[in-house]
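Okay, so here's the structure we're looking at.
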Amino acid sequence: MKQLNRFRKGAAVLLVAVSFGLTGCGKGSNKNVQIDGVQGPNVGFVDGTLTMSVVLTQVSLNVGARVEIPNMPNSYLEIGPDFQTNGTLISIGLAAQDITKLAGGDLLDPSTLPGGRPLPGVIDGQLPAIAVTVPKLDHIVFYVGPTVFGVFVPVALPWQNYIGTFRFYDGTGTQIGNISIVGEDQNKRNSGFLLLINLAGKVANLIAASPN
């Protein structure tokens, strides 16, 4: 019976992984995986800033605000109502000089995923991190390491103990990192998505061209 239960759990996780793959990533299509209740994330590069926007269609806010990101004075995090979906729009702008400062030093303490699970695709399972409290969303976490940086956005997802990782492309179809779909932990909390972007290629050129 125990073996049968383990098989059923494994089959359920495999089914989730296959469904994500079919809806998100056709071979050679350079399309990003789609997440239920999420539009995006969309990433671009504007005036020395890496921008990310995402809409959470199942989260509703009546007012918006700009939230300070500790240790990143030139960057911003904005959250507010999305008028097209009645959901919540999250906009993030990470300045290249802020990324450079944090990636090259030891200003931040290392951290895992919220709740303690290792970061997928990271050798040590943790990276220097900044947690920002956002109303109705718990914490948005920024990670800045020597070769990678990223963001974890909490999203209510129904799966438990599931983490699936996929390639991530910017608006031009260029692969710039990975995105991980993170299910609930053993406490039925801390689900969401983790976007990790390589500090190379386009991002390296952005940083090199930015003012110090």
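Laboratory data are not the source of any read-out in this text; all were calculated from the coordinates shown. Note that the coordinates shown come from a computational prediction; the quantities given were computed from them, not determined experimentally. When we count neighbours, we look across all protein chains shown, and the Cβ atoms used for this are built from the backbone with ideal geometry, even at glycine.
A few notes on this one:
- Ignoring aspartates and glutamates fewer than eight residues from Lys101 along the same chain, the ones with Cα atoms less than 16 angstrom from its Cα are Asp109.
- Normalised alpha carbon radius of gyration of segment 111-212 [divisor 2.2 N^0.38 Å]: 1.11
- Applying 0.36 nm per residue to the separation of Arg66 and Trp159 and subtracting their alpha-carbon distance, the gain on full extension is 30.4 nm.
- Computing FRET efficiency as 1/(1 + (r/R0)^6) for Gln34 and Thr172, where r is the C-beta to C-beta distance and R0 is 25 Å, gives about 0.85.
- Contour excess over end-to-end distance, with Cα ends at Thr100 and Ala204 and 0.36 nm allotted per residue: 36.5 nm
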